[in-house]
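Written below as structure tokens is the structure these notes are about.
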Amino acid sequence: MKENNRRRVLGINGLTYRVNSHRILEGISFEIERGEFAGLIGPNGAGKTTLVKAIIGELEEYEGEIQVNGRIGYLPQYSEFSRDFPITTRQVAAMGIYKSKGFLRRLTTEDQKRLDELMKQVGIFELSERRVGTLSGGEYQRLMLVRALAAEPDLLILDEPEAGIDEMGKASFYRLVDNLKKSRNMAVLMISHDIGMVFDACDRIICLNKTLHCHKEVRSVSPEDLKKIFSTDFDYLIRSKDHFEREHSQ
Amino acid sequence: MTEFIADLFRYEFLRNALLAAVMVSTLTGMFSNVVVLRKVEFIGDGAAHAAFGGIAFALLFGVSYQLTALITAGVFAVSIGYFTRKRKISESSVIGMLLPLSMALGIIMLSFIRGFTPDITGFLFGNILLVTRDDIWMLVFMNIGAVAFFALFFRELQYYAFDERMASHYGVPTTLVHYAVLIGVSMSVVASVKIAGVILVTAFLVTPAVTSKLVAGRFKSMVLLSVIFGLIATTTGMVTSYWLDIPPGPTIVLMLFVQFLIVFFFEKILRRQSGT
């Protein structure tokens, strides 16, 4: 029991959230353990982003309980930003260590070295002094990943990280996240509309459509599980058919 | 030019005016960066109109206009913060509502003044003859406060302006920075009223940063350049206005815009030459 608690980085129990009696989330309960790579999927309006907001503490007045054991690193949805903002890649990455430094504290040489290491790991070190506005979509997402990792998270939350990245870039991004997860022994919770990639990258799947429809290992998820949450025919949504054929022929 | 310098030594009002204009440009130059990067250019206008309500109150009751204008601009700033954060109304909407409200209250109060009606054009368009020693001292203290705020909260201001939501997620005290910026902008506006006037003060809070943003690669250099651009425009504006015998506030505003045009086209030519 104690071992379970030590491994658990996120525990959600009976989470319900309504806006003016309109149901957004209802009775959500699940756990995520250290070392897990969980994919959160569901159609538009399923409550995925609301759930993440509740986890990272941006939502108030919900029912139920959310327990986070450790720090959270958060990679938000890609959004257009002011490309002429005078800020460098390194300065944005340093935002991730603000909390550990504290109010009004300057970065030390050690902090700069740590940022250098992270940028090298994620492959954007040579861009460290570039203005953020000159980065491509993929480079920007990698920077967001560095910023999230700089917080030394126990749980890394990725909100549609594939946005702004081309197909080749997506595969290498997910590989990178998987390697980082293993080397840092953290848990990853990823929201994505790219179901094929979710099935390839994650080891557990959380199906959400206002309520929790499934939370199981990726190999146990059937097309029927997904049909329950998506109103359209699942065949149109799944891209990685090979994965299903491979898993269900076994 | 030599005549201007000679008159500077001769007339106290001119020395006061130049000193005030220089300090207004450094003060507004600093805050203009946050205003432009946060895309809340409307806020200067709003604070200035809010200050007008305070000025009208002072004229009606015969009290110090600095204090009442500071109070109304401060209430305006805190109200923006309150309504945008608590009730999720956009900053532009709140400013758009409060701006005419304060102006309307000011006009109503002015209508109660019996007999001699004070000339308010000086407050609307600026009047260097109105600058007093007290104004200079107020500007000195505000500049010291603003420099200290920017030096201490530099990283916080940068993160707040770049991405407030994520800055808050990573522990930056964004609410504190937000209110401090709103109050700082309002105080800058009140301090600038005699030089720029309620109508023109927005130019002081927008143009220097828009110009510096064209060439600055870092937030730090943007802040420094904004102050420098503000100082150049103020000094050349004051000298030009004296030379041509035209109002200094509007002349400074013209200089700010000419400076913007020069940097805009010069930067374009430089880029074309370097092929970027």
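Expressed in whole Å with the largest first, what are the equivalent ellipsoid semi-axes of segment B:189-276 derived from the C-alpha gyration tensor as the square root of 5 times each eigenvalue? Could the numbers behind the result be given before it?
Working: eigenvalues 135, 46, 18 Å².
They are 26, 15, 9 Å, listed from largest to smallest.
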Per DSSP H run of n ≥ 4, the term is -39500 (n - 2.57); total these for chain A, divide by its residue number, and report the mean residue ellipticity at 222 nm rounded to 500 deg cm²/dmol. -11000 deg cm²/dmol
Would you grab the residues whose amide H sits under 5 Å from the one on B:Gly126? Only those 5+ places off in sequence or on another chain, please, with H modelled 1.01 Å from N. B:Gly197, B:Val198
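Treating only the Cβ of Lys, Arg, Asp and Glu as charged (+1, +1, -1, -1), what charge dipole size does chain A show about its Cα centre? Round to the nearest 20 debye.
The dipole magnitude comes to about 780 debye.
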Once you sort the root eigenvalues of the Cα gyration tensor of segment B:1-101 as a ≥ b ≥ c, which label holds: rounded (a/c under 1.5), prolate (a/b larger than b/c) or oblate (the other case)? oblate
Rank by packing, highest mean first: peptides B:40-52, B:9-21, with packing defined as the count of other Cβ atoms within 10 Å averaged across residues. B:40-52, B:9-21
Going by accessible area, probe 1.4 Å, with all protein chains left in place, what is the ranking of A:Arg34, A:Arg175, largest first? A:Arg175, A:Arg34
Fraction of the pair-distance distribution of segment A:142-187 above 17 Å, Cα-Cα pairs, percent: 28 percent
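State the percentage of accessible surface on chain A attributable to carbon and sulfur atoms; use a 1.4 Å probe and exclude ligands, DNA and RNA. All intermediate terms of the calculation are to be shown ahead of the outcome.
On the way: 5220 of 11640 Å².
Carbon and sulfur atoms account for 45 percent of the accessible area of chain A.
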Per-selection Kirkwood Rh - segment B:89-214 (Cα, Å, 1 d.p.): 17.1 Å
What's the percent breakdown of Cα-Cα distances in the protein assembly as shown across 20 Å bins, shortest bin first? 20, 43, 27, 10, 1
In the full protein assembly as shown, how much of A:Glu63 is accessible to a 1.4 Å probe, in Å² to the nearest 10? 110 Å²
Number of partner chain Cβ atoms within 10 Å, mean per residue of A:84-91: 6
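Rounded if a/c is under 1.5, else prolate if a/b is larger than b/c, else oblate: which is chain A, with a ≥ b ≥ c the root eigenvalues of its Cα gyration tensor? Intermediate values should be presented prior to the final figure.
Values: a/c = 1.69, a/b = 1.40, b/c = 1.21.
Since a/c reaches 1.5 and a/b is larger than b/c, the shape of chain A is classed as prolate.
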Quick one: compute the contact order of segment A:136-225, relative version, from alpha carbon pairs under 8 angstrom and 6+ residues apart, as a percent. 24 percent
If you take each beta carbon of peptide B:212-221 and count the beta carbons of other chains within 10 angstrom, what is the mean? 3
Using the Cβ atoms and a cut-off under 14 Å, what net charge is assigned to the surroundings of B:Leu27, where Lys and Arg are +1 and Asp and Glu are -1? 0
Burial ranking of peptide ranges B:196-206, A:201-211, A:146-156 (average Cβ count within 10 Å, highest at the top): B:196-206, A:146-156, A:201-211
How do A:Asp84, B:Asp7 stack up against each other in accessible area, from largest to smallest, with a 1.4 angstrom probe? A:Asp84, B:Asp7
Using a 1.4 angstrom probe on protein heavy atoms only, which residues from segment A:116-140 are buried by at least 40 Å² of accessible area when all chains are present rather than their own chain alone? A:Arg131
Mind grabbing the interface size between B and A? I mean buried accessible area, both sides, 1.4 Å probe, in Å² to the nearest hundred. 2700 Å²
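Carbon-plus-sulfur fraction of the accessible area of chain B, 1.4 Å probe, in percent?
On the way: 9020 of 12550 Å².
Taking all protein chains in place, chain B shows 72 percent carbon and sulfur surface.
Just need the relative contact order of segment A:7-155 here, percent rounded to a whole number, with Cα pairs under 8 Å and 6+ apart. Write out the running numbers ahead of the final one.
Details: 198 pairs, mean separation 42.0, N = 149.
So the answer I get is 28 percent.
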Are there residues in segment B:24-73 whose accessible area shrinks by at least 20 Å² when all protein chains are included rather than the chain by itself, and which are they (probe 1.4 Å, ligands and nucleic acids not counted)? B:Leu37, B:Lys39
Excluding ligands and nucleic acids, what accessible area in Å² is computed for B:Ile183 using a 1.4 Å probe, to the nearest 10? 70 Å²
Relative contact order computed over chain A (Cα-Cα under 8 Å; 6+ residues apart), in percent: 27 percent
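Skip the ligands, DNA and RNA, and give the accessible area per residue of the protein assembly as shown with a 1.4 Å probe, whole Å².
Each residue of the protein assembly as shown exposes 46 Å² on average to a 1.4 Å probe.
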Answer with one residue from A:Leu127, A:Ser222, A:Asn20: the one whose Cα lies farthest towards the positive end of the charge dipole of chain A, charges on Cβ with Lys, Arg +1 and Asp, Glu -1. A:Leu127
Estimated vicinal HN-Hα couplings, Hz - segment A:163-174 in sequence order (Karplus 6.51, -1.76, 1.60; Gly, Pro = x): 4, x, 10, 6, 4, 5, x, 4, 4, 5, 5, 5
Before rounding to the nearest 500, sum -39500 (n - 2.57) across all DSSP H runs of length at least 4 in chain B and divide by the residue total; then give [θ] at 222 nm in deg cm²/dmol. -29000 deg cm²/dmol
Apply the Karplus curve 6.51 cos²θ - 1.76 cosθ + 1.60, θ = phi - 60°, to the phi angles in segment A:114-126 and return the couplings in whole Hz, x for Gly and Pro. 5, 5, 4, 4, 4, 5, 5, 4, 8, x, 10, 4, 5
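Please sort A:118-125, A:166-173, A:189-196 by packing, taking for each peptide the average over its residues of neighbouring beta carbons within 10 angstrom, highest first. Can you show the working numbers first?
Values: A:118-125: 18.6, A:166-173: 14.5, A:189-196: 21.4.
By packing density, highest mean first, the sequence is A:189-196, A:118-125, A:166-173.
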Translational diffusion coefficient (Stokes-Einstein; Kirkwood radius from C-alpha pairs) of segment B:49-104 at 20 °C, 1.002 mPa s, in µm²/s: 188 µm²/s
Looking at the square roots a ≥ b ≥ c of the eigenvalues of the Cα gyration tensor of chain B, which shape do they give, rounded for a/c under 1.5, prolate if a/b is larger than b/c, or oblate? oblate
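For B:Val24, B:Val140, what's the largest-to-smallest order of accessible area, 1.4 Å probe?
Working: B:Val24 0, B:Val140 40 Å².
The residues order as B:Val140, B:Val24, largest area first.
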15 Å beta-carbon shell around B:Leu67, net charge (K/R +1, D/E -1): -1
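Using the crude model of +1 on Lys and Arg Cβ and -1 on Asp and Glu Cβ, and no other charge, please compute the dipole size for the protein assembly as shown relative to its Cα centre, in debye to 20. Spell out each step's value before the answer.
Values: 56 positive and 52 negative charges, 142 e Å.
Value, rounded to 20: 680 debye.
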With all protein chains present, calculate the accessible area of A:Glu36 using a 1.4 Å probe and round the result to the nearest 10 Å². 30 Å²
Cysteines without a disulfide-compatible partner in chain A, using Cβ under 4.7 Å as the rule? A:Cys202
Within straight cross-link reach of A:Lys101, meaning Cα distance under 17 Å, which lysines are found once same-chain residues fewer than 8 apart are removed? A:Lys113
Mean projected area, convex hull of alpha-carbon positions in segment B:187-226, reported to one decimal in nm², is 2.9 nm²
Report the net charge of residues surrounding B:Ile95, where surrounding means a beta-carbon distance below 13 angstrom and charges are Lys +1, Arg +1, Asp -1, Glu -1. -1
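The values are calculated or read from the model by the stated rules, or taken from the named source; none is laboratory data. Fair warning: this is a prediction, and the values are worked out from it, not measured in the lab. Virtual Cβ from ideal backbone geometry, glycine too; neighbours counted across all protein chains shown. Note: areas computed on protein heavy atoms with side chains; ligands, DNA, RNA excluded. Shrake-Rupley method; radii C 1.70, N 1.55, O 1.52, S 1.80 Å.
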